[in-house]
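Student: Quick one: the structure is below, and I'll ask about it shortly.
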Amino acid sequence: MLSAVPARLRGTRPAWFSPKVARTEFFGGLVVALALIPEAISFSIIAGVDPRVGLCASFTMAVVISFVGGRAAMISAATGAIALVVAPLAREHGLGYLVATVILGGLFQIVLGSLGVAKLMRFVPRSVMVGFVNALAILIFLAQVPELIAVPWPVYPLFAGGLVLMVLFPRLTKIVPAPLVSIVALTVLTIAAGISVPTVGDKGALPSALPVPGIPDVPFTFGTLGLLAPYAVAFALVGLMESLMTAKLVDDITDTRSSKTREAIGQGIANVVTGVFGGMGGCAMIGQTMINVRTAGSRTRLSTFLAGVFLMVLCLVCGPLVSRIPMAALVAVMMLVAFGTFDWHSVAPATLKRMPAGEITVMVLTVAVVVATSNLAIGVVVGTITAMVIFARRVAHLVDVTSALDPDGNQVVYAVTGALFFASSNDLVSRFDYRGDPGHVVLDLTDAHIWDASTVAALDAITTKYAALGKTVEIVGLNAPSATMHDRLSGELTAGH
């Protein structure tokens with residue numbers, strides 16, 4: 001049969017055509033779907049909507065993003081961060097306004113993605129990325145703790161048994177994911193033995209029908225737009241931040257590259273579709289993505305698609321059985337995911353001894369802000385800004401000024417080295433002996449670079465100070481970009497020009 005396929009088309013078959021890969025993707029999608037159910041219900045409660053709204057949103061997000069997203073094997077669904085953004089609107093104005101916000105937020109994401117907002121990811125330093133990952137692990141862990149407090153005593157041995165099973169089972173075989181085996185085994189045990197423990201069904205009702213498209217029940221006026229726009233912008237930015245950071249993390253884990261621009265646009269499309277079907281919107285989910293990529297070993301879009309399909313099949317067809325899955329089994333899975341997600345090497349004493357203090361500060365601050373606010377986007381922004389400030393201060397101190405007086409005493413040459421920008425050039429003016437220098441001063445910028453208008457203004461100030469004393473200044477050694485900027489701005493940055 002293979003010979004009947006043209007040679008030029010054989011390499012275009014999807015990777016999941018391989019039986020081995022398809023099996024991995026199948027089981028990965030199934031485990032993720034099981035883990036999505038209680039999470040989606042919990043996030044619906046946070047948002048103040050019916051649990052079925054979150055479950056339907058997770059279904060549409062996963063299915064749509066599997067086709068239009070830029071990062072294969074990444075899971076997108078209803079998330080806590082999005083729930084926190086839309087909760088006030090849903091509480092005060094109802095589901096119709098929430099759905100309209102999801103659609104508008106999705107449109108904003110499409111626009112931002114088309115404008116290249118994904119390229120800003122290059123400015124996120126490694127220390128922030130490490131802090132992001134560690135904060136995610138802590139949040140995943142903390143989200144499970146309430147499920148182990150004030151619960152019947154059988155929960156604890158079930159939880160421990162689930163952990164032991166997931167650690168030991170891969171030593172026997174890796175054909176079937178250990179989390180799936182653990183969930184099935186603990187479910188069978190609790191049902192067969194009649195053990196009464198909290199179950200998935202205790203979280204809320206499961207959907208009984210597929211979602212249908214519709215138009216949000218809101219007035220289509222500028223007043224409505226003004227009300228929704230701030231929430232939609234926050235929705236778009238938080239969703240993109242989490243999705244792009246998660247995509248970068250998966251890139252690193254799988255040693256592959258993904259299109260962040262396509263991912264940003266894809267998130268927008270998925271949210272628009274989700275809103276049309278009455279869902280609460282969402283973005284990439286780090287916990288479920290780690291289950292899919294790291295635990296199950298999935299690598300293709302098939303697992304993402306199946307996660308959404310299995311989620312709805314489990315709710316519609318196997319609802320009564322799924323409702324009886326003990327929460328202890330899912331908590332054990334998520335706890336193991338949290339442990340595996342945390343970058344333990346980053347906090348090892350040997351690593352901390354070698355790391356610059358500034359990088360450690362950025363990492364710790366990112367973790368602290370994320371954990372304190374439960375908002376990954378805020379933590380990443382604060383960490384990135386802090387890293388930029390530390391970098392600016394560090395680079396500013398690398399600027400040096402040395403002087404050499406000619407033997408005849410008629411000229412002094414100042415050699416300036418380093419990157420000249422606002423943080424370093426503001427101090428530049430004080431580095432010269434205006435009264436003591438001879439009548440001709442040379443500024444040699446051969447080993448310097450002018451980055452901004454602040455530097456040009458500083459050079460103008462130096463020239464003006466010397467001119468007030470009847471002395472001349474000659475600037476030499478400018479490279480082409482620096483010379484262009486200096487020629488364009490010199491003399492134009494003060495009043496009267």
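The values are calculated or read from the model by the stated rules, or taken from the named source; none is laboratory data. The structure displayed is predicted, hence computed values, not measured ones. All Cβ positions, glycine included, derive from the backbone under ideal geometry; neighbour counts span all protein chains shown. The protein model used for the area step is the full one, side chains on, heavy atoms only, and it has no ligands, DNA or RNA in it. Shrake-Rupley method; radii C 1.70, N 1.55, O 1.52, S 1.80 Å.
Student: Taking the chain as the reference, fit the longest principal axis to its C-alpha atoms, fit the long axis of helix 357-373 to the helix C-alpha atoms, and give the angle between the two in degrees, 0 to 90, nearest 10.
Tutor: Computed tilt is about 40 degrees.
Student: In region 274-400, what percent of the accessible surface is made up of carbon and sulfur (1.4 Å probe, ligands and nucleic acids excluded)?
Tutor: 72 percent
Student: Note the angle between two axes, namely the Cα long axis of helix 301-316 and the longest principal axis of the Cα atoms of the chain, as a number of degrees from 0 to 90, rounded to the nearest 10.
Tutor: Roughly 40 degrees between the two axes.
Student: Probe radius 1.4 Å, ligands and nucleic acids left out: which of Asp255, Asp452 has the largest accessible area, and how do the rest follow?
Tutor: Most to least solvent-accessible, the answer reads Asp255, Asp452.
Student: A further question on this structure: Rounded to the nearest 500, what is the chain's calculated 222 nm mean residue ellipticity when only DSSP H runs of at least 4 contribute -39500 (n - 2.57) each, over all residues?
Tutor: Result for the chain: -19500 deg cm²/dmol, rounded to the nearest 500.
Student: Separate question: From the square roots a ≥ b ≥ c of the eigenvalues of the alpha-carbon gyration tensor of region 24-78, which class results: rounded (a/c under 1.5), prolate (a/b over b/c), or oblate?
Tutor: oblate
Student: Could you sort Tyr434, Tyr156, Tyr231, Tyr466 by accessible area so the largest value comes first, with the probe set to 1.4 Å?
Tutor: Descending order: Tyr156, Tyr231, Tyr434, Tyr466.
Student: Given a Förster distance of 51 angstrom, what is the FRET efficiency for Phe339 paired with Asp447, based on the Cβ-Cβ distance and rounded to 0.05?
Tutor: 0.55
Student: What FRET efficiency comes out for Val184 versus Ser114 if R0 is 30 angstrom and r is the Cβ-Cβ distance? Round to the nearest 0.05.
Tutor: Here the calculated transfer efficiency is 0.10.
Student: In whole Å, how far is the Cα centre of region 364-391 from that of region 197-268?
Tutor: Distance between centres, Cα-based: 22 Å.
Student: Same structure again: Sort region 148-211 into rounded, prolate or oblate with this rule: let a ≥ b ≥ c be the square roots of the eigenvalues of the Cα gyration tensor; rounded if a/c is under 1.5, and if a/c is not under 1.5, prolate when a/b is larger than b/c, oblate otherwise.
Tutor: Oblate.
Student: Go through Phe67, Phe421, Phe26 and list them by solvent-accessible area, largest first, probe radius 1.4 Å.
Tutor: These residues rank, largest area first, as Phe67, Phe26, Phe421.
Student: PRE reach from Val151 (point 7 Å along Cα→Cβ): which of region 296-326 fall under 19 Å by backbone N?
Tutor: Hits in region 296-326 for Val151 at 19 Å: 321-326.
Student: Once the chain is represented by equal point scatterers at the alpha-carbon sites, with solvent omitted, what log10 I(q)/I(0) does the Debye formula produce at q = 0.12, 0.14 Å⁻¹?
Tutor: With one equal scatterer per Cα and no solvent, log10 I(q)/I(0) is -1.04, -1.29.
Student: Can you tell me how region 285-352 classifies by the Cα gyration tensor, rounded, prolate or oblate, using a/c under 1.5 as the rounded cut?
Tutor: Taking the square roots of the gyration eigenvalues as a ≥ b ≥ c, region 285-352 is oblate.
Student: Compute the length gained on full extension between Arg324 and Lys353: take 0.36 nm times their separation in residues and subtract their Cα-Cα distance, giving the result in nm to one decimal.
Tutor: Separation in residues times 0.36 nm, less the Cα-Cα distance, equals 5.5 nm.
Student: Quote the accessible area belonging to Thr384 in square angstrom, nearest 10, computed with a 1.4 Å probe and with ligands, DNA and RNA left uncounted.
Tutor: 20 Å²
Student: I need the semi-axes of the equivalent ellipsoid of region 389-474: take the C-alpha gyration tensor, multiply each eigenvalue by 5, square-root it, list largest first in whole angstrom.
Tutor: 24, 14, 10
Student: A further question follows. Compute the long axis of helix 155-168 from its Cα atoms, compare it with the longest principal axis of the Cα atoms of the chain, and write down the angle in degrees, 0 to 90, nearest 10.
Tutor: 70 degrees
Student: For the chain, which longest stretch is free of loop sites, where a loop site is one of the trypsin sites (Lys or Arg not before Pro) that DSSP puts outside H, G, I, E and B and that has at most 11 other Cβ atoms within 10 Å?
Tutor: Result, exposed sites excluded: 1-256.
Student: Let's see if you can work this out: charge +1 on each Lys and Arg Cβ, -1 on each Asp and Glu Cβ, no other charges. What is the dipole magnitude of the chain about its Cα centre, in debye to the nearest 20?
Tutor: 1980 debye
Student: Quick one: which residues, 5+ away or cross-chain, put their amide H under 5 Å from the amide H of Cys283? H built at 1.01 Å from N.
Tutor: Ala77, Thr79
Student: If you don't mind, there's one more thing I want to ask. Skip the ligands, DNA and RNA, and give the accessible area per residue of the chain with a 1.4 Å probe, whole Å².
Tutor: Normalised by residue count, the accessible surface of the chain is 46 Å².
Student: Can I ask one more? Using a probe of 1.4 angstrom, how much of the accessible area of region 94-168 is carbon and sulfur, in percent?
Tutor: Reported share for carbon and sulfur atoms: 79 percent.
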